[in-house]
Structure formats: C-alpha cells, structure tokens
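Reading through the structure tokens given below for one structure.
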Amino acid sequence: MAIFISFEGGDGSGKSTHARTLANRLKLEGLDVKLVREPGSTPLGQYLREWLKQERDTDDISPTTELLLFSAARAELVEKVVAPALEKGTTVISDRFTGSTLAYQGYGRGLSIGTINEINKTSTSGLIPDLTILLDCPVEIGLARGNDGQGQRRFEEESFHFHERVRQGYLKLANAHSDRWHTIDSTLSVPKIEEFVWALVTPYLTAD
Ligand code: TYD
C-alpha cells in the first residue's frame, strides 16, 4: 500500500532532515520512496523557491498572491509527481504540504482558514496525507538554528510574532486533526526524534 506522509513545522524545526532520514529508512525496508519538498520538486516549484529566496521586501506581494503562488506550485506537484507516484504504489514523503499554507498564510498572515481549506482542496484534488508529522519548535530556537542554509529570507525576516502565530496555528491544526496529525518536540535529540517518527510510521507499514 502506498503511504503519503507529510512533515510540517516552523522554520528551523528540522523537518527536512527528518523527512530525508525517514525516506532512507523506508528505502532500506524495501519500499519505493519519493521524497518531495514544497515549494520545489517541479520546475515551477523550483522557480518559486528561487524567487522566494531572493532578498526583497516582505510586503512586495499581497498575502493572497502569496497564497495562490504556493497553491499553484502544489497543484503542479500533486498532479505531476505525488498522485502518479502514489498510483504506482510509491510511498511519498513531502517536506511541507497543505498544513504549511494553513499555518503561514492562514494563522501567520491572517487569511481566512475557510478560504485556504477550499483552495487546498482544489490544489490537491482532495488528496490528504495519511500521516502528518509536526515537529514543534519554540520560535527562538528555530530561528536561531536557521533553515537549510539556503536563505529563505522572506520568512526568516518576519517578526517573532508572525512565527509565534505560525507555531500556535500548527498546534491548533494538530489538535483538530489528531487522527492523522502527530506532534513531536523538535528540541529532543535527533536519535530520539527519529525513534518517535519511526514509531508513528510503522503501523502504516503493516496495514493492509
Ligand atoms: P522551506 O524551505 O521548507 O523552509 P525551512 O527549510 O525553513 O523549513 O520553505 C520555505 C518557506 O516557505 C518557509 O518559511 C515556509 C514557507 N511556506 C509558506 O509560507 N506556505 C506554504 O504553503 C509553503 C509550502 C511554504
């Protein structure tokens, strides 16, 4: 059975590292695994990622435009990469997915959660991860760790309050969808987090 897992978390929460580690571990178990990241993993997604990386004023595009750009990249990713992979039985791990848009554009920027839910439904054709792992990290620790070193200045330079809203939004989402969202304290040691991630994933490996 193909499993779809997403990792979510604030900037510097370590989700990219843990998404990669999980992908490698599942490959060792003999599964076909596709690791994708958002934005990215398609030409449009990669273009958007580069564009966002450039140093610029954070108010250069409106929050609604930002929402639609991330959603456009996601529509492309789902249609061209994620859905075809799942269809052929490949397990997909996504470093960020719809939860990021709810947390950043919804709780962070203040756009309507109802509207984002609708747009998320459209951009994914209703595809929902089987499991979402939230790596929860206090804002000051996440920002001090920095991101993957590629300089996502646009979001890094947002205020502490913005990132705190994102964090609280994530926790709210995890609470509201506790059937498929699970939270791990990302200040724990890397091996401990890997152990928790594995414990969350293994039930899906044995499911029919
Ligand atoms: P990413 O490079 O994954 O950041 P990090 O490595 O710090 O986790 O993502 C780039 C930024 O894009 C990140 O700050 C979150 C933001 N983002 C949104 O605001 N909305 C979205 O829908 C997505 C996918 C990302």
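The values are calculated or read from the model by the stated rules, or taken from the named source; none is laboratory data. Note that the structure is a prediction, hence the values are computed from the model and not measured. Counting neighbours? That spans all protein chains shown, and the Cβs are built from the backbone with ideal geometry, glycine included. Accessible surface is based on the protein model in full, side chains and every heavy atom, while ligands, DNA and RNA are left aside. Shrake-Rupley method; radii C 1.70, N 1.55, O 1.52, S 1.80 Å.
Is it the case that some residue within region 75-88 is within 26 Å of residue 162 (Cβ to Cβ) and in contact with a helix residue (DSSP H, G or I) (Cβ under 7 Å, 6 or more places away or on another chain)? For region 75-88, residues within 26 Å of residue 162 (Cβ to Cβ) and in contact with a helix residue (DSSP H, G or I) (Cβ under 7 Å, 6 or more places away or on another chain): present.
Does residue 143 count as more than 9 Å from the ligand (Cβ to nearest atom), surrounded by fewer than 20 Cβ atoms within 10 Å (Cβ to Cβ) and at pLDDT 95 or above?
Answer is no for this residue.
Here region 21-32 is the region considered, the condition is being open to solvent by 30 Å² or more (accessible area, probe 1.4 Å) and in contact (Cβ under 8 Å) with a residue 24 or more places away in the chain, and the residue that is farthest from the ligand (Cβ to nearest atom) is 29. Selection over region 78-134 of residues that are within 15 Å of the ligand (Cβ to nearest atom) and at positive phi gives a count of 2. The single condition among (1) surrounded by fewer than 19 Cβ atoms within 10 Å (Cβ to Cβ); (2) in a strand (DSSP E or B) that residue 85 does not satisfy is (2). Scanning region 157-169 finds no residues that are under 25 Å from residue 90 (Cα atoms), acidic (Asp, Glu) and open to solvent by 70 Å² or more (accessible area, probe 1.4 Å).
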